[in-house]
Structures are given as structure tokens and as C-alpha cells.
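Structure, as C-alpha cells:
None of the figures in this text is laboratory data; all of them are computed from the coordinates on show. Just so you know, these numbers come straight off a predicted model, no measurement behind them.
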Amino acid sequence: MSRLLLVLLLLAAGPALAISDPREALPDPAQEQRAEALGSQLRCLVCQNESIEDSGADLARDLRGIVRQRIAAGDSDAQVIAWMTSRYGEFVRLRPHFDASTALLWASPVLALLLAGALVLRRRGAAPPPPLSAHEQQELDRLMREDV
């Protein structure tokens, strides 16, 4: 019974965020929720495959603090994201906007598939090599007998 209770408590705990110091959290629950949502959209520049909310890196902690400061100062979500991208570039976003500078980034999976398909089709359409001449066949037979 105690094991079942422990499992239920662990499941109810929800995902653990990287806030290592409770003093990082904003006192207003609505603002803290906004900060967490924004932080989950921003890339940790050290880890690169984690959001700043999931990362334990010092830089991620600093970025979480900046997000929370800007929210506490009254910035909108769009203003916080705009400030972060103006400071760190579009790379700071886990899902960059689609525009002329990121078009290749967004199109690269499709382009890779098209290139692979073209290479496969080109390889299939290649003519088989011509058969060996009588002289080439004799030379091959002679070489095969020498190896044995």
C-alpha cells in the first residue's frame, strides 16, 4: 500500500524544472507560469538541446532570471522573446520563426529527402556495365586460377 502511495505521489509531482533555488520563482503564480512557458521556448546556449527551464547550466539560470525580471517589470511575452532574440539571435529560440534567414533551416529536411531520392533514382537508372570481352574474361580466369 505504501508503494502505491509513493508511486501516486511521484506521478502527481509533475515534471521537475531546473529552478534550483526557490528564490528564482516569481511570487505571483500567474507570472511564474508565464515565465516557465517562455523559458520552455528558449534554448540553453550551453546545452543547445534543452530549454532554459530544463537546463541546470549557469547561463540558463541567468537567462531564467532575465526572463523573470522582464515579466516582473511588465513586459509582454512578445517583448521578452524579442529582447532575447535581439540579444542572442534567432538561435536562442527552440522553434525559430520562418523567414528568409531561416528558410534553409526549415527546408533542410525536405531538401535532404529530395536529394537522397534523386540519388537513388539516378543510381537505379544507370546502365549496367558492358560484358567482359573474350580477352578480359581469359585474364580474369587466369587470375582466379593463380589465387587458388
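Between 127, 107, 116, where does the largest GNM mean-square fluctuation fall for the chain, given springs only between Cα atoms within less than 10 Å? Of 127, 107, 116, the Gaussian network model singles out 127 as fluctuating most. For the chain, the gyration tensor built on C-alpha atoms gives a prolate shape. Its axis ratio a/c (a ≥ b ≥ c) is at least 1.5, and a/b is the larger of a/b and b/c. Over all pairs of different C-alpha atoms, the range 13-95 has a mean inverse distance whose reciprocal, the Kirkwood radius, equals 12.5 Å. Karplus-derived 3J(HN,Hα) values for the range 103-114, using 6.51 cos²θ - 1.76 cosθ + 1.60 with θ = phi - 60°, are 4, 5, 4, 6, 8, 4, x, 5, 4, 5, 5, 5 Hz; glycine and proline are entered as x. Residues whose amide H lies under 5 Å from that of residue 51, counting only those 5 or more places away or on a different chain, are 44; hydrogens are built 1.01 Å from N in the peptide plane. The amide H of residue 93, built 1.01 Å from its N in the peptide plane, has 43 as neighbours under 5 Å, considering only residues 5 or more places off or on other chains. Phi angles across the range 45-60 convert, under the Karplus curve 6.51 cos²θ - 1.76 cosθ + 1.60 with θ = phi - 60°, into 3J(HN,Hα) values of 6, 8, 7, 6, 10, 10, 6, 5, 6, 8, 8, x, 5, 4, 5, 4 Hz, Gly and Pro given as x.
Compute the angle between helix 2-12 and the longest alpha-carbon principal axis of the chain, please, reported from 0 to 90 degrees and rounded to the nearest 10. Around 90 degrees separate the two axes.
Taking the centroid of alpha carbons for each part, the range 85-141 and the range 37-51 are 30 Å apart.
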